[in-house]
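S.K.: This is the structure, below, for whatever I ask next.
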Amino acid sequence: MSRKFLNSPTAYALGMFAMMVPSQAFSSFYTYFYVEKLGLAVGLATLARTIYLIWDAVNQPMAGYLSDRTRSRHGRRRPWIFASIPLFMLAFVMVFAVPPGLHDSALFTWFLIALILFEAIATILWVNYGALFPELFTGVGLRAKASAVQQAYQIVAILIGTALTPILYEALGFGTMSVVYAAVFGLFMTLFVLNVRENESFAREEPLPLVQAFRETLKNKELWLFYVAGSFAQTVNGLVSSMIPFYAKYALGVGEGDVTLLMASVFVSVIPLVAVWFYIVKKLGGYRSWRLAFVVYGLSVIPLWYANDLGTGIAAGICFGFGLAGFLVSPALLSSEIIDRDALRTGRRREGMYTAVGGFLTRSSGLISALAFFVVGQMFGYVSGDEPGPHPEQTFRYLICIVPLALLVVSFVISLFLKPQPAPSVPHAQGGIDA
């Protein structure tokens, strides 16, 4: 193992790549698979997300608290990640390897169980992975660089999880596609775990008791403003990516084979644009670049309303990619600063708890997305692929443009209440790179 590679931004980014390939395939296509292909009613899909979110309200904070309290010779976060790898692979396959012949209540039950298992294990992975970032990387310059590298790997993973997925499920079926992605996840997540080491000085600190940890976390105004604003923008990420297959079919009038080109127009363009946003973040800092990203992201969804064929859809997708790149790169720096300030105030590092609470607020975006789908579907009469209603094209134009624009206006307004603070200094991670 190269010491130069150990704890480097590239080593850390391998974990993002590993998790985002199946996660993006899930968020982009599970609704299309269950609603359009299998005929599950939108209302039942929304109910499943609601039930899951109730469980997640407990699952997320407990995952963070247990992670912060873990003590082992391998660290606090790595044992949880390593143990979750095979479980995540099995749960992801379960989502898409649906037994034939399931309908109505049986299909809903399978979907609900698969959703709860998949998201619960994903919680453990994301909480522990995210908690490592402020620990491994310190200083504005290094964090901006690590965030840019991480997001570059994320965009490649998103491209695979979106643009390649239609090709795979058409050729192999959804079940076999899920096995392929599970294997990719297992390989790269293992490489990630083997090439990171935690800062031992952080683990020596005695964690806060459970009640105090919750109280200190929940009363942090910076945290709430940052994550609530981010949750609305995160809804846009999931909503647009999950609506593209519907949008392509009903609004643009193109076949499933062209969904890959439409997805690629968004996510290929994001890769070089991540570098542009890296320099913006480094120049403006965490707060100002984060707020600017909401403005640019909001403007970038407008061209999606006017596209009416594959060519104009691709052009609109490239515009959307610029806004998406800003939102992917800018939050990591600001969230790390918030966690650092909390550590100086309380005398305790609680990356796990903060990542968990933020994860719950962010993943509540799945419910917002599902509710938006249900409400707009009711407005235009879309129930499922078997009952698309009289104007399905309007359903998905609203869902891919008007709803995201409204959500990003809300994000921007909330961001105005978060005032910039000086970035604190923290100890460097053992084996990490000097800022």
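S.K.: Have a look at G15, G43 and point out the one that is under 23 Å from T138 (Cα atoms) and not in a loop (DSSP other than H, G, I, E, B).
M.R.: After applying the criteria, what remains is G15.
S.K.: Of all residues in the stretch 361-376, which are buried (at least 18 other Cβ atoms within 10 Å of the Cβ) and at pLDDT 85 or above?
M.R.: Matches in the stretch 361-376: A372, V376.
S.K.: Evaluate the following for R76: is it under 25 Å from R341 (Cβ atoms), open to solvent by 30 Å² or more (accessible area, probe 1.4 Å) and charged (D, E, K, R)?
M.R.: So R76 does not fit the description; no.
S.K.: When N308 is evaluated against the numbered criteria (1) over 20 Å from V156 (Cα atoms); (2) in contact with a helix residue (DSSP H, G or I) (Cβ under 8 Å, 6 or more places away or on another chain); (3) at pLDDT 85 or above, which criterion, by number, is the only one it fails?
M.R.: Of (1) over 20 Å from V156 (Cα atoms); (2) in contact with a helix residue (DSSP H, G or I) (Cβ under 8 Å, 6 or more places away or on another chain); (3) at pLDDT 85 or above, only one is false for N308: (2).
S.K.: So S67 passes all but one of these: (1) within 22 Å of L102 (Cβ to Cβ); (2) in a helix (DSSP H, G or I). Which condition number does it fail?
M.R.: (1)
S.K.: Of all residues in the stretch 63-73, which are open to solvent by 50 Å² or more (accessible area, probe 1.4 Å) and of a type in the set (D, E, K, R)?
M.R.: R69, R71, R73, listed by residue number.
S.K.: Kindly indicate the residue of the stretch 67-92 that is touching a Phe, Trp or Tyr at 6+ places or on another chain (Cβ under 8 Å), in contact (Cβ under 8 Å) with a residue 40 or more places away in the chain and among the hydrophobic types (A, V, I, L, M, F, W, C) and also farthest from F192 (Cα to Cα) among those meeting that condition.
M.R.: Restricting to residues being touching a Phe, Trp or Tyr at 6+ places or on another chain (Cβ under 8 Å), in contact (Cβ under 8 Å) with a residue 40 or more places away in the chain and among the hydrophobic types (A, V, I, L, M, F, W, C), the top hit is F92.
S.K.: In the stretch 388-419, how many residues are open to solvent by less than 40 Å² (accessible area, probe 1.4 Å), β-branched (V, I, T) and more than 16 Å from F374 (Cβ to Cβ)?
M.R.: 1
S.K.: So if I check each of G139, G130, which one is at pLDDT 80 or above, over 13 Å from V21 (Cα atoms) and either open to solvent by 10 Å² or more (accessible area, probe 1.4 Å) or not β-branched (V, I, T) (or both)?
M.R.: Exactly one residue qualifies, and that residue is G130.
S.K.: I've got another one for you. Which of the helices (runs of 4 or more DSSP H) contained wholly in the stretch 192-273 include at least 1 residues that are at pLDDT 80 or above and open to solvent by less than 30 Å² (accessible area, probe 1.4 Å)?
M.R.: Fully inside the stretch 192-273 and qualifying: 221-250.
S.K.: Any idea how many residues of the stretch 32-62 are open to solvent by less than 20 Å² (accessible area, probe 1.4 Å), polar (S, T, N, Q) and farther than 17 Å from I121 by Cβ?
M.R.: Residues meeting the conditions: 1.
S.K.: What's the total number of residues in the stretch 111-127 that are closer than 30 Å to E337 by Cβ and open to solvent by 10 Å² or more (accessible area, probe 1.4 Å)?
M.R.: So the answer is 5.
S.K.: Considering every residue within the stretch 4-23, establish whether at least one is modelled with pLDDT under 85 and within 19 Å of the chain's Cα centre (by Cα).
M.R.: no
S.K.: A further question on this structure: May I ask you to list the residues in the stretch 149-193 that are under 12 Å from M16 (Cα atoms) and touching a Lys or Arg at 6+ places or on another chain (Cβ under 9 Å)?
M.R.: Correct list: V193 only.
S.K.: I'm told T138 meets every condition in (1) part of a helix (DSSP H, G or I); (2) β-branched (V, I, T); (3) under 27 Å from V281 (Cα atoms) except one. Can you identify the failing condition by its number?
M.R.: Failing condition for T138: (1).
S.K.: Would you confirm whether any residue within the stretch 303-314 is out of contact with any His (no Cβ under 9 Å at 6 or more places or on another chain), without any contact (Cβ under 8 Å) to a residue 12 or more places away in the chain and either of a type in the set (F, W, Y) or crowded, with 17+ Cβ neighbours inside 10 Å (or both)?
M.R.: Within the stretch 303-314, one or more residues are out of contact with any His (no Cβ under 9 Å at 6 or more places or on another chain), without any contact (Cβ under 8 Å) to a residue 12 or more places away in the chain and either of a type in the set (F, W, Y) or crowded, with 17+ Cβ neighbours inside 10 Å (or both).
S.K.: Before we move on, is F278 at pLDDT below 80 and either over 20 Å from the mean Cα position of the chain (by Cα) or surrounded by fewer than 24 Cβ atoms within 10 Å (Cβ to Cβ) (or both)?
M.R.: In short, yes.
S.K.: Something else now. Going through the stretch 372-423 one residue at a time, which ones are part of a loop (DSSP other than H, G, I, E, B), under 17 Å from G39 (Cα atoms) and not aromatic (F, W, Y)?
M.R.: Across the stretch 372-423, the qualifying residues are G381, V383, G385, D386, P388, G389.
S.K.: Looking only at residues in the stretch 396-423 that are of a type in the set (G, A, S) and in contact with a Phe, Trp or Tyr (Cβ under 7 Å, 6 or more places away or on another chain), which one is modelled with the lowest pLDDT?
M.R.: Among those residues, the one meeting the criterion is S415.
The values are calculated or read from the model by the stated rules, or taken from the named source; none is laboratory data. The structure displayed is predicted, hence computed values, not measured ones. We place every Cβ from the backbone using ideal geometry, glycine too, and count neighbours over all the protein chains shown. Ligands, DNA and RNA are excluded from the accessible area calculation, which covers all protein heavy atoms including side chains. Shrake-Rupley method; radii C 1.70, N 1.55, O 1.52, S 1.80 Å.
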